[in-house]
Each structure stands twice: as C-alpha cells, then as structure tokens.
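A short worksheet on the structure shown next.
The values are calculated or read from the model by the stated rules, or taken from the named source; none is laboratory data. It should be emphasised that the depicted structure is a prediction, and the values quoted were computed from it without experimental measurement. With ideal geometry, Cβ positions are generated from the backbone for all residues, glycine too; neighbour counts draw on all protein chains shown.
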Amino acid sequence: MNYLILGINGHVVAINKDDGSELWRKKLKSGTITVVTSDNTKVYASSSGHLFCLDKATGEQIWTNSLKGLGYGTCIIDVGNHAASVSGTVAGNAAATAATTAATTAAIAASGSVSAGDGG
C-alpha cells in the first residue's frame, strides 16, 4: 500500500505516492475540516462531528459514530503510536515559523547588516 490518505472538504482520498493518481475517494458528511489517520487496514476520519471508519484498500465505509452530544469542534484521533489533529498541525506550523524567524533574526544580527528602510 504505497499511498497517501488525505482529508479535505468532507472527503477522504487515497493518492498513489508513485504517480499521484487517485485510487479511491469517499464522501463523508459535509465539512471543511476532515481529520484522518490510519493503521494497517483501516482509515479513521472525523468530519462535521462524526467519526468514520473506512477500509484502507477500498475506501468503503465500515462504520460511523455520530459522537452524539460532543459538537463539531476539533477532533484528535489517536491510533496506537501516532495521532492526527488539526490543532497539532496549526501548532506545528506556528513553531516552525517561530524557529525560522529566530534563525533569520540571528543571521541578520551576525552579519551586522540591519536596514529599517533607510536605504542601507
């Protein structure tokens, strides 16, 4: 199984890593944020307050859970030794941006060349 599993706009999509072709696509409940993770045989996806389990090879739905009473907030899905989370992605991007900013600031300070728009 040499493919990527994507969650986007209420869909789960399997993409072949070698050539980028779409292997399968499954429409879930409508929603803009679809969190996915997988194990060896199943894909777990959260969209619009529902949790779905799909067959990893075919994309066929195995079961669904409405998560009644929990609302539509960000969902974190843990499958053994890894987790998928929209919030984790945002936090990771923020940390990477902060590290890049710090490295750039340090490089400018080391070069002694700081310009505040005064031509030089």
Starting from residues that are hydrophobic (A, V, I, L, M, F, W, C) and at pLDDT 90 or above, keep the ones in the range 7-27 and report whichever is farthest from Asp55 (Cα to Cα). Ile15
Per the filter on the range 8-32, residues part of a strand (DSSP E or B) and closer than 12 Å to Gly59 by Cα are His11, Val12, Val13, Ala14, Ile15, Glu22, Leu23, Trp24, Arg25, Lys26, Lys27
Among the residues of the range 33-86, what is the count of those that are assigned to a loop (DSSP other than H, G, I, E, B), more than 19 Å from Asn2 (Cα to Cα) and either at pLDDT 90 or above or touching a Ser or Thr at 6+ places or on another chain (Cβ under 9 Å) (or both)? 7
